[in-house]
Structures are given as C-alpha cells and as structure tokens.
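Presented below is the structure to which this report refers.
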Amino acid sequence: MSDIEDPVEQMLKKTGCINLHYKVQECIAETGDWRKCQDVVKDFKSCMQDYTQKQRQKYDQK
C-alpha cells in the first residue's frame with residue numbers, strides 16, 4: 001500500500017464527514033445498490049452541506 005493519501009480522503013477528513021463517507025461506501029458494497037443506502041447518503045449529504053455553510057460563513061465575516 002502506498003504512503004500517498006487519496007486527495008478525496010484528505011478533503012473529506014477536513015470536512016469532518018469522512019466516517020459518513022465510509023458508511024456510504026460500506027452500504028453500497030454490502031447491498032450492491034446505492035438506492036438501498038439512502039439514509040446514510042442523506043446523512044453524508046447533510047454533513048457536507050453543514051460544512052459548506054460554515055465555510056461560507058467564515059468567508060462572509062471577512
């Protein structure tokens with residue numbers, strides 16, 4: 001295994017949503033159908049939206 005970390009994983013770690021991302025991946029791997037994983041997909045989406053909103057607020061305050 002390489003010591004180079006995936007840039008997507010690096011970005012997701014910064015958002016605080018990496019564990020939800022892993023849950024989505026696990027669900028899809030287990031079920032073989034992302035449509036059966038809508039609860040975890042919604043949780044991940046919500047986490048990412050919260051992160052994006054907080055980032056916008058940071059820049060709006062400057």
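The values are calculated or read from the model by the stated rules, or taken from the named source; none is laboratory data. This one's a predicted model, so the numbers in the text were calculated from it and none came from an experiment. Cβ atoms come from the backbone with ideal geometry, glycine included; neighbour counts cover every protein chain shown. Note: accessible area is taken over every heavy atom of the protein model, side chains too, but ligands, DNA and RNA are not part of it. Shrake-Rupley method; radii C 1.70, N 1.55, O 1.52, S 1.80 Å.
Among the residues of region 46-56, is there at least one that is polar (S, T, N, Q) and outside any helix (DSSP H, G or I)? Quick ask: steps written out before the conclusion?
Kept after step one, since they are polar (S, T, N, Q), are these residues of region 46-56: 46, 49, 52-53, 55.
Cutting the leftovers down to outside any helix (DSSP H, G or I) gives us none.
Within region 46-56, not a single residue is polar (S, T, N, Q) and outside any helix (DSSP H, G or I).
Yes/no per residue for (1) in contact with a Phe, Trp or Tyr (Cβ under 8 Å, 6 or more places away or on another chain); (2) of a type outside the set (Asp, Glu):
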site	(1), (2)
Asp6	no, no
Cys17	yes, yes
Val24	yes, yes
Glu30	no, no
Lys36	no, yes
Asp39	no, no
Cys47	no, yes
Gln55	no, yes
Tyr59	no, yes
*Conditions: (1) in a helix (DSSP H, G or I); (2) of a type in the set (Lys, Arg); (3) modelled with pLDDT under 95. Lys36 meets all but one. Number of the miss?*
(3)
*Residue by residue through region 1-36, note down the ones that are open to solvent by 90 Å² or more (accessible area, probe 1.4 Å) and either charged (D, E, K, R) or over 18 Å from Tyr51 (Cβ atoms) (or both).*
Met1, Asp3, Ile4, Lys13, Lys14, Lys23, Gln25, Glu26, Glu30, Trp34, Arg35, Lys36
_Can you pull out every residue in region 39-54 that is open to solvent by 60 Å² or more (accessible area, probe 1.4 Å) and of a type outside the set (Phe, Trp, Tyr)?_
Asp39, Lys42, Asp43, Lys45, Gln49, Asp50, Gln53, Lys54
